[in-house]
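Student: Please see the structure below; I have some questions.
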Amino acid sequence: MNSKITAIGVYVPSKRITNEYFEQFIETNNEWIISRTGIKERRFAEPDEFTSDMCVSAVKNLLAENPGVNLDGVDFILVGTTTADQVMPSMASQVQNAFSIPNCGCLDIMAACAGFVYGIVLAKGMIAAGTHKKILVLGAETLSKFTDYTDRTSCILFGDGAGVALIEPSDQPKVLNGITGTDGSHGKDLYLSQHNTLVNGEQIDPNGKIHQNGKVVFKWAIQTITNKVGELLAKNSLKLDDLDWVILHSANLRIIEAVATEINYPMDKMLTSIEFFGNTSSASIPLAWDLASKAGKIKPGNKILLLGFGGGLTYAGIIVEV
Ligand code: COA
């Protein structure tokens, strides 16, 4: 059984945080942040607004913006997140409860910034196996609650947001072949821990905040993603010219520009959300998709390559036709 994405929805909190905000407590400035990351602003959730709330708001927006779409028959919910409200219950089960969806499997995916694309890869497989028919895939993060505001190399990067895609069976293959992979030897280069544990044999900081070895992740991302775009195209017997858009995880605009240069692809066909929302981890790809849809860029029949990457270090990619 083939599958397709039949609707998407997003949500971002209303609180806008400009680059100047960080000048109050770290040595930085607007020019450095824009030139080194591409970020102009990001959104922060309110103290009483959590990842599950944003998931529910994204689903409500999907329903409001797609007349005729409903949640009847949704039989699985997958939520990519690394910033859940709590360890259990899962964010997916909070969404199930908010919409009283009966007979629905619920699972959170902890694949950091690649979580949303991992969800699409999994949903495609579940529909192909014939075990499920209507799946909500979300990527949602409240990174602002897990940010170390004393670390100027990371705190300027992160923002909050959520996105959701509805995936259903299709006559034609609209969700094409995906790829997934991980290099766990880089686990210590991007982590969030509340326990005094070892990762890759090294003691990590248990302060419950995101730690990133920016330079290492930056280089890994450019090299890995450049290779994986080619692998993903080859797996689908497609060429770059067959794609209408590429959406890489919006981690840093310079990573996206570097990959575009490496693969010789025009930057105006790389869709991003980094400028307005910062690095929103698993939400960044649906946010970029939504921005481009609302700008009238994405049209029916377009082919889009999605590639997420992040803590693990892990990645997932897939090509979809809308
Ligand atoms: N404001 C001003 N200066 C800053 C700064 C800030 N917020 N943060 C760092 N700097 C300084 C550094 O201290 C350094 O100064 P020095 O040369 O005197 O030592 C200089 O700017 C350059 O720092 P560097 O770390 O080389 O910057 P960078 O160009 O590598 O950018 C990141 C840093 C974090 C933006 C970048 O490495 C990055 O985006 N990494 C990967 C993120 C990613 O892909 N994550 C993926 C998973 S989510």
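Student: Taking the residues in the range 30-54 that are surrounded by 16 or more Cβ atoms within 10 Å (Cβ to Cβ) and among the acidic types (Asp, Glu) as candidates, determine which candidate is nearest to Met110 (Cα to Cα).
Tutor: My answer is Asp53.
Student: Oh, and also: Can you tell me which of Asp75, Asp85, Asp53 is modelled with pLDDT of 95 or more, touching a helix residue (DSSP H, G or I) at 6+ places or on another chain (Cβ under 6 Å) and of a type in the set (Asp, Glu)?
Tutor: Working: Asp75 fails: touching a helix residue (DSSP H, G or I) at 6+ places or on another chain (Cβ under 6 Å); Asp53 fails: touching a helix residue (DSSP H, G or I) at 6+ places or on another chain (Cβ under 6 Å).
Unique residue meeting the criteria: Asp85.
Student: Confirm whether Thr180 is in a helix (DSSP H, G or I) and surrounded by 15 or more Cβ atoms within 10 Å (Cβ to Cβ).
Tutor: no
Student: Here is a follow-up. List the residue pairs whose Cβ atoms are under 8 Å apart, where the first residue sits in the range 210-223 and is in a helix (DSSP H, G or I), the second is hydroxyl-bearing (Ser, Thr, Tyr), and the two are 6 or more positions apart or on different chains.
Tutor: Gly214/Thr153; Gly214/Ser154
Student: What single numbered condition from (1) within 16 Å of the ligand (Cβ to nearest atom); (2) assigned to a loop (DSSP other than H, G, I, E, B) fails to hold for Phe22?
Tutor: Exception for Phe22: condition (2).
Student: As an exercise: evaluate Ile39 against (1) of a type in the set (A, V, I, L, M, F, W, C); (2) within 16 Å of the ligand (Cβ to nearest atom); (3) within 19 Å of Val137 (Cα to Cα) and give the number of the one condition it does not meet.
Tutor: (3)
Student: Among the listed residues Ile204, Ile167, Ile222, Ile179, which satisfies the condition of being within 14 Å of the ligand (Cβ to nearest atom) and modelled with pLDDT of 95 or more? So that I can check it myself, show each step before the final result.
Tutor: On the way: Ile204 fails: within 14 Å of the ligand (Cβ to nearest atom); Ile167 fails: within 14 Å of the ligand (Cβ to nearest atom); Ile179 fails: within 14 Å of the ligand (Cβ to nearest atom).
Answer to the selection: Ile222.
Student: Do the conditions hold for Tyr191, that is, is it within 16 Å of the ligand (Cβ to nearest atom), over 30 Å from Leu71 (Cβ atoms) and aromatic (Phe, Trp, Tyr)?
Tutor: yes
Student: Under the condition of being buried (at least 24 other Cβ atoms within 10 Å of the Cβ) and within 12 Å of the ligand (Cβ to nearest atom), which residue from the range 127-155 is nearest to Ala292 (Cα to Cα)?
Tutor: Selected residue: Glu141.
Student: For Thr82, which of the numbered conditions (1) away from the ligand (no atom under 16 Å from the Cβ); (2) surrounded by 15 or more Cβ atoms within 10 Å (Cβ to Cβ) fails to hold?
Tutor: Of (1) away from the ligand (no atom under 16 Å from the Cβ); (2) surrounded by 15 or more Cβ atoms within 10 Å (Cβ to Cβ), only one is false for Thr82: (1).
Student: Where residues in the range 224-263 are touching a residue at least 12 places away in the same chain (Cβ under 8 Å) and among the hydroxyl-bearing types (Ser, Thr, Tyr), which of them is surrounded by the most Cβ atoms within 10 Å (Cβ to Cβ)?
Tutor: Taking the candidates together, the pick is Ser250.
The values are calculated or read from the model by the stated rules, or taken from the named source; none is laboratory data. All values reported here derive from a predicted model rather than from experimental measurement. All Cβ positions, glycine included, derive from the backbone under ideal geometry; neighbour counts span all protein chains shown.
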